[in-house]
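Where a number appears in this text, it was derived from the coordinates with a stated rule and is not lab data. In this text, all values refer to a predicted model and were calculated from it rather than measured experimentally. Glycine also receives a Cβ, built like all others from the backbone with ideal geometry; neighbour counts cover every protein chain displayed.
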């Protein structure tokens with residue numbers, strides 16, 4: 001195999017590749033044998049017809065085309081490896097010469113990974129995010145625990161519902177006196193003030209009593225996903241079956257025993273403060289890395305091929321669909337219900353996709369500039385950490401990753417993390433400006 005490279009555009013090259021005639025003939029002969037073994041030609045047993053006869057029945061051109069399907073991709077991959085080219089899209093193939101006894105010559109035009117011109121990336125200045133935990137932070141966390149462990153107590157029939165109460169209702173919606181599709185519910189549990197229902201519906205139930213039946217007029221938002229209800233005035237007939245109110249336990253030693261493994265409130269507070277401090281440190285470090293990386297990216301110059309952005313947009317779209325599927329929702333159904341299209345989502349994802357691609361390109365360029373690698377020991381450590389989180393052995397986790405073809409992807413992710421940490425470690429902290 002011989003190859004020459006010609007740069008024809010900023011991020012596009014043309015490779016002229018020559019494949020030895022013997023290699024091409026071997027591929028054609030292999031196709032002939034495979035085809036002959038399946039063809040039933042009068043006067044010959046399967047697999048025994050001479051090649052010239054098979055060519056007459058199957059087509060000589062077809063034999064060569066199938067041989068090209070094998071030879072061209074292999075020769076192309078060999079050429080890009082030899083010439084140290086990184087394609088980011090499928091090549092456009094043009095056959096220049098193909099005939100018996102002669103070398104195969106073809107041209108492959110392909111978009112390649114762009115060159116990144118790095119700006120300043122060491123010694124970046126940043127303002128730190130303080131990792132401080134105040135008494136108020138601890139109190140807020142305890143209040144959150146208090147709300148999380150609140151007990152629901154049924155209210156007497158004479159007690160009116162307030163914001164924050166849970167009402168158990170049956171309801172049916174009417175538009176111009178006629179029930180509309182999807183407007184009926186039975187034994188529906190609703191927290192008043194949660195803003196989970198149509199705007200105005202929950203406010204219309206404030207002050208309601210257990211056993212009461214009430215009509216609640218509402219107007220659907222103009223942007224409501226159901227076109228026949230968008231902007232329309234409707235009326236819900238509601239029957240209130242039960243009202244429950246959250247009963248909060250006092251935050252004391254007994255509370256600490258109920259919600260934790262500690263015997264006293266003081267011990268619980270100490271543990272909460274410790275965990276909040278750890279989270280604050282992590283948030284501060286993440287802020288540092290994000291701030292530094294954003295400046296490094298802005299300092300770099302790169303012209304990104306559109307296909308790379310398109311591919312990232314498609315990845316975002318597929319990932320969005322996967323996350324919806326975890327909730328039991330198909331992307332197509334979600335789009336239909338919300339009145340959106342896949343094209344609109346692609347437009348929405350595009351700015352973030354461009355940022356993502358540039359970030360990856362810049363981080364990769366810095367790792368290469370600094371000769372950074374992730375060695376096998378670092379990879380083993382990461383796999384062991386993953387295994388522990390999934391309560392598996394490192395061997396089982398490695399095998400799982402290998403079966404999914406994810407080992408190199410993990411190594412790339414680790415290298416990116418290592419590079420970003422390197423940038424943060426090289427950065428210089430500056431004091432926040434004092435307001436005067």
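For the chain, the longest principal axis of the alpha carbon atoms and the long axis of helix 407-426 meet at an angle near 60°. Calculated mean residue ellipticity at 222 nm for the chain: -15500 deg cm²/dmol, from DSSP H runs with n ≥ 4 weighted as -39500 (n - 2.57), summed, divided by the residue count and rounded to 500. Ordering 34, 273 from the fewest to the most neighbouring beta carbons within 10 Å gives 34, 273. Tell me whether the chain comes out rounded, prolate or oblate; compute the Cα gyration tensor, take square roots of the eigenvalues as a ≥ b ≥ c, and use a/c under 1.5 as the rounded threshold. In terms of gyration-tensor shape, prolate. How would the stretch 265-429 be classified by its alpha-carbon gyration tensor: rounded, prolate or oblate, with rounded meaning a/c under 1.5 and the a/b versus b/c comparison settling the rest? Judged from the Cα gyration tensor, the stretch 265-429 comes out rounded (a/c under 1.5). Computed extension gain for residue 287 through residue 395, at 0.36 nm per residue and net of the alpha carbon distance, reaches 35.4 nm.
Computed from Cα atoms, the angle from the helix 394-403 axis to the main principal axis of the chain rounds to 60 degrees. Taking a ≥ b ≥ c as the square roots of the eigenvalues of the alpha-carbon gyration tensor, the stretch 33-192 is classed oblate because a/c is 1.5 or more while a/b is no larger than b/c. Net length available on complete extension from residue 306 to residue 323 is 3.5 nm, with 0.36 nm assigned per residue and the Cα-Cα distance removed. With both residues required to sit in the chain, DSSP beta bridges show an antiparallel share near 95%. The angle between the Cα long axis of helix 306-326 and the longest principal axis of the Cα atoms of the chain comes to about 50 degrees, rounded to the nearest 10. Using C-alpha pairs below 8 Å separated by at least 6 residues, the relative contact order for the stretch 265-429 is 28 percent. Which of 65, 290, 311 moves the most in a Gaussian network model of the chain with Cα springs under 10 Å? Sorting by GNM fluctuation, first place goes to 65. Pairs of Cα atoms nearer than 8 Å and 6+ residues apart set the relative contact order; for the stretch 2-111 it is 37 percent. Taken along the Cα-to-beta-carbon direction at a fixed 7 Å, the label points for residue 370 and residue 2 span 4.4 nm.
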